[in-house]
1. Return the equivalent ellipsoid semi-axes of the stretch 165-277 as a descending list in whole Å, where each equals the square root of 5 times an eigenvalue of the C-alpha gyration tensor.
2. If you average over every viewing direction, what projected area does the convex hull of the Cα atoms of the stretch 234-311 give, in nm²?
3. Please give, to one decimal in nm, the separation of the simple spin-label points placed at residue 242 and residue 181, each 7 Å out from Cα toward the Cβ.
4. Using only Cα atoms, tell me the angle between helix 228-239 and the longest principal axis of the chain; keep it within 0 to 90° and round to the nearest 10.
5. So, in nm, how far is label residue 24 from label residue 75 when the simple model puts each one 7 Å beyond its Cα toward the Cβ?
6. Would you work out the relative contact order for the stretch 1-151, in percent, from Cα pairs under 8 angstrom that are 6 or more residues apart?
7. Roughly how tilted is helix 295-309, in degrees to the nearest 10 and between 0 and 90, from the longest Cα axis of the chain?
8. Quick one: angle between helix 78-96 and the longest Cα principal axis of the chain, in degrees between 0 and 90, rounded to 10, please.
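Every number in this text was worked out from the coordinates using simple rules, so none of it is lab data. Nothing here was measured: the structure is a model prediction, and the numbers come from that model. We place every Cβ from the backbone using ideal geometry, glycine too, and count neighbours over all the protein chains shown.
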């Protein structure tokens, strides 16, 4: 085994961020996608492979010491395609004795009435939450059986340079730069933890390189939680424009969802934005340390990136 080879499955914002952070730490890095394409990152190689096929997946990650499962199907195809995607990666990682780092979110907990900790029960009430819970349980079972060295990093709704699709991305920053009100999900005056993309990636690479991470999931570090309105206000301040966060009416989202399957899938997750949604990352901080990017800095960098895309 080449103990310095890190393989990233998926070339979205999280996968790309992982690759950058891993290269910066001196690792050899390969990104695996169905097309073999992606952003050009110095020191990163791209490989074309369909990881839903365990044989193909095993060939793509051979000699890897760490594998990051950062790929996911289209939002409206989770139930149909996510299990085989992750199973293929997990089977390949087990066969090559690589550490598998699963990139996860918080859907498996379902509606919450307190800050989220990793010991909370999986009480999802949604289709996508059930999928997330099943995937996490499968990895835990494989680890418990001694079949796979696995860990997971769980982030909240993420944002940052390069992030185009999230609750705090294309819905917000173009409107902010134009000096228009930003349409957001749910109640903008509820507390909501947001994960800065670079912090997410850095935490995942930390998990992949430390045996203390194995056998459980970890909440990655986030800046102190504020309301969505407060976060969006930071964006207007950084952009030098005026406006405010306005909650998108659920009825309008339902109407759009009849014609747009991806928007339709958002509706069942609205509970995350209708009540306080706060992440506790104290376990990660106590074990590995934590210095998350402030919301002021993260939002300012994101505004600058979105502005650069319009030039």
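1. Details: eigenvalues 159, 75, 33 Å².
The three semi-axes for the stretch 165-277 are 28, 19, 13 Å.
2. On the way: hull surface 32.3 nm².
Seen from a random direction, the Cα hull of the stretch 234-311 projects 8.1 nm² on average.
3. Result: 1.5 nm between the two label points.
4. Tilt relative to the chain: about 80 degrees.
5. 2.8
6. On the way: 276 pairs, mean separation 30.6, N = 151.
Computed value for the stretch 1-151: 20 percent relative contact order.
7. Here the helix axis deviates by roughly 90 degrees.
8. It works out to around 40 degrees.
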